[in-house]
Amino acid sequence: MDVFTDFAARIAEAARLVAGDSALDVSKVTVEPPREAAHGDLATNAAMVLSRQLGLKPRDFADRLAAELARASAGDVTAVDVAGPGFVNLTLADEYWRGQLRNILASGEAHGRSDIGRGEPVNVEYVSANPTGPLHVGHCRGAVFGDALANLLDYAGFRVTREYYINDAGAQVDTLARSAFLRYREALGEDVGEIPEGLYPGNYLKPVGRALADEFGDGLRAMAEHEWLPIVRTAAVDSMLAMIRDDLAALGIRHDVFFSERSLQESGRIAETLAYLRERGDVYEGHLPPPKGQPQEDWEDREQTLFRSTAFGDDVDRPLVKSDGSYTYFASDIAYHRDKFERGFAAMIDVLGADHGGYVKRMQAAVKAVSGGQAELDVKLCQLVKLFRAGEPVRMSKRAGEFVTLRDVVDEVGRDVVRLIMLYRKNEAPLDFDFEKVTEQSKDNPVFYVQYAHARAHSVFRNAAEVFPDLRFPMVNTEAADLSAVAHPAELALIKTLAQFPRTVTSAASVHEPHRVAFYLYEVASSFHGLWNLGKDVPQLRFINPADRPSTLARLALVQATALTVAAGLRILGVEPVEEMR
């Protein structure tokens, strides 16, 4: 049991005892680190929350609660203080923290795992780029964020499905097919000249054209467009998806489901979903006012098929059918999310680009409508990534024709660098990615600093094995080890930081913010490197003391717990922990 869960249970028990009410509602009681370290190790709002139920003054209840906690946890708590309007602050004994170190080592690779998800199925949809070319660096951030979020939720006990929505219906895939057909003609020896405006110019379509020429010879060229278009479209989309899968694999990303938008149209699911909503009164025929800021003369006032999204929290009702009779993208998305719900997902997360900000309310409204209010959709928006090299903007990719590809970036700096840098900012904050800075070996580079903590820990293991050849790492049977040598404030501070990992995982998973894990790892690395440097000035704090095996074993236990925690956090982020820095 981690420290926060442990003391949450103790505080709840003490509060019920003081109140004389075994059924006291403690659901809103929190236990967390105080804002200032001088106030102790833990702080709880229990007195302020519970005194209202009991009709007592918060300070009065806090005094009684503090006395009970001091009595019941005498061996583990050295001080209980009441502060402010009724906060109760606890300072824990050094031996309690050494017990936490034992718990971390006993947990091993399961350290920080949580069961808050209780196996609940959750669908995380991310990337979902149009299959019209290679992924660009903008897709990269959403891909890494979505994958790390899926890892985090899995670590917290959810049953996660990673999904990619293929936008393989509509005008953009027909444009892709026409672009590929041009490359097909080129592969047959025809001089196609400059790629016409409106088609995709990238060289990545040349292999598609070559494959079509090899398979069909001149056959397609003799067909009318309506005959060759579906053939070329299928071949081009399949080729682009293969390229996308390959690009994602370079980032260590896989999806469990690739869901086709075209399948919704061909199966009649969109029409069926709109009919279902119409029966419930959520789809109707009506008129919309012109968008704000648009001149009246530019607005075509016509009767439209509309989704009553204002009934579910949106700002305006939304059109479902275009003037040419085809469905809007929104209509397809409604049917798609209904399909998710019918597959058993009451919890859905969509990871989208920042340009989809105006889409959030309508999609959340749609999910409420198609699920009868039983499902929730969280939309996470990923801001833009700007690439720099030594402070100068990076030029465009020749292969892509118009953008920097994800593969360009991964091939240059490596998967782990890309992933950790993409996650070392909150998803809603813009990100500057400088090729020089992300590969430099300094404290200012979180990739190096965190990876170096794990590598440095393993260098300690290797050095210790030379001094004590019988030692094997990871160490086992540490429960009975004498850890009393781990007593310096810097050592105890590191244990306290390591003990926060379960809480970090739980809180990050609860709010869908994997960057919290990245920030936490930097804090662990900083504490560990600081302790290492302290050993240079204070020899008795060095991890290895050839003349003192017991103190060495105690400190190696701390090093092992550090390596274990950093490795677990990095794997959540999809980064491979390294044992040596090269």
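The values are calculated or read from the model by the stated rules, or taken from the named source; none is laboratory data. The structure displayed is predicted, hence computed values, not measured ones. Neighbour counts run over all protein chains shown; Cβ positions are idealised from the backbone, glycine included.
Checking the structure you have, find out if any residue of segment 474-493 is modelled with pLDDT of 95 or more, of a type outside the set (Lys, Arg) and within 29 Å of the chain's Cα centre (by Cα). Yes: segment 474-493 contains one or more residues that are modelled with pLDDT of 95 or more, of a type outside the set (Lys, Arg) and within 29 Å of the chain's Cα centre (by Cα). Residues that are under 11 Å from VAL370 (Cβ atoms) and in contact with a Ser or Thr (Cβ under 9 Å, 6 or more places away or on another chain) within segment 260-282 comprise LEU274, ASP282, listed in sequence order. The residues in segment 96-116 that are exposed (fewer than 14 other Cβ atoms within 10 Å of the Cβ) and of a type in the set (D, E, K, R) can be counted, and the count is 2. Looking across segment 146-172, just one residue is within 14 Å of ILE253 (Cα to Cα), charged (D, E, K, R) and either out of contact with any His (no Cβ under 8 Å at 6 or more places or on another chain) or surrounded by fewer than 20 Cβ atoms within 10 Å (Cβ to Cβ) (or both), and that is ASP147.
To keep it simple, each residue is scored yes or no on (1) under 25 Å from LEU205 (Cβ atoms); (2) in contact with a Gly (Cβ under 9 Å, 6 or more places away or on another chain); (3) in contact (Cβ under 8 Å) with a residue 60 or more places away in the chain.
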position: VAL321; (1), (2), (3): no, no, no
position: THR328; (1), (2), (3): no, no, no
position: ALA331; (1), (2), (3): no, no, yes
position: TYR359; (1), (2), (3): no, no, no
position: LYS368; (1), (2), (3): no, yes, no
position: ARG419; (1), (2), (3): no, yes, yes
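Taking the numbered list (1) surrounded by fewer than 18 Cβ atoms within 10 Å (Cβ to Cβ); (2) in contact (Cβ under 8 Å) with a residue 12 or more places away in the chain; (3) closer than 17 Å to TYR96 by Cα in turn, PRO489 passes all entries but (2). Among the residues of segment 419-460, those that are among the basic types (Lys, Arg) and assigned to a helix (DSSP H, G or I) comprise ARG419, LYS437, ARG456.
For every residue, the table says whether it meets (1) of a type in the set (S, T, N, Q); (2) over 34 Å from the mean Cα position of the chain (by Cα).
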| position | (1), (2) |
| --- | --- |
| SER267 | yes, no |
| ALA275 | no, yes |
| GLY281 | no, yes |
| PRO289 | no, yes |
| TRP299 | no, yes |
| ARG308 | no, no |
| PHE312 | no, no |
| ARG318 | no, no |
| ARG343 | no, no |
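The set of residues from segment 529-561 being more than 20 Å from ALA499 (Cβ to Cβ), among the basic types (Lys, Arg) and touching a Lys or Arg at 6+ places or on another chain (Cβ under 9 Å) comprises LYS536, ARG542.
The set of residues from segment 65-106 being farther than 16 Å from LYS496 by Cβ and free of Cβ contacts under 8 Å to residues at least 24 places away in the same chain comprises ALA66, ALA67, ALA70, ARG71, ALA74, GLY75, VAL80, GLY84. Considering segment 390-408, the residues that are of a type in the set (A, V, I, L, M), farther than 12 Å from PRO134 by Cα and surrounded by 10 or more Cβ atoms within 10 Å (Cβ to Cβ) include one that is modelled with the highest pLDDT, namely VAL394. Cβ separations smaller than 7 Å between residues 6+ apart or across chains give the following pairs from segment 265-280 residues that are farther than 10 Å from ALA335 by Cα to residues that are not in a helix (DSSP H, G or I): LEU277/VAL283; LEU277/PHE307.
Looking only at residues of segment 6-31 that are farther than 16 Å from ALA62 by Cα and modelled with pLDDT of 95 or more, we find that the one that is surrounded by the most Cβ atoms within 10 Å (Cβ to Cβ) is ASP6. If the condition is being farther than 22 Å from GLY373 by Cα and at pLDDT 95 or above, then segment 288-320 contributes only THR305. Residue count for segment 514-536 satisfying the condition of being among the aliphatic types (A, V, I, L, M), within 15 Å of TYR424 (Cα to Cα) and free of Cβ contacts under 8 Å to residues at least 60 places away in the same chain: 0.
Hey, could you check segment 322-345 for residues that are touching a helix residue (DSSP H, G or I) at 6+ places or on another chain (Cβ under 7 Å) and among the hydrophobic types (A, V, I, L, M, F, W, C) and say which is nearest to PHE158 (Cα to Cα)?
If we take residues in segment 322-345 being touching a helix residue (DSSP H, G or I) at 6+ places or on another chain (Cβ under 7 Å) and among the hydrophobic types (A, V, I, L, M, F, W, C), then PHE341 is nearest to PHE158 (Cα to Cα).
Across segment 432-469, the number of residues qualifying as under 21 Å from VAL404 (Cβ atoms) and surrounded by fewer than 19 Cβ atoms within 10 Å (Cβ to Cβ) comes to 7. The residue list LEU384, LEU306 contains one member that is crowded, with 19+ Cβ neighbours inside 10 Å and among the hydrophobic types (A, V, I, L, M, F, W, C), which is LEU306. Annotation note: of GLY530, GLY535, the sole residue that is at pLDDT 95 or above, part of a helix (DSSP H, G or I) and surrounded by fewer than 23 Cβ atoms within 10 Å (Cβ to Cβ) is GLY530. Step by step: first the residues of segment 240-252, then only those that are of a type outside the set (D, E, K, R) and under 14 Å from ALA129 (Cα atoms), then the one that is nearest to the chain's Cα centre (by Cα). Which residue is that? Checking each candidate, the answer is LEU248.
Annotation: of all residues in segment 367-397 being among the aliphatic types (A, V, I, L, M) and in a loop (DSSP other than H, G, I, E, B), the one that is nearest to ALA271 (Cα to Cα) is ALA375.
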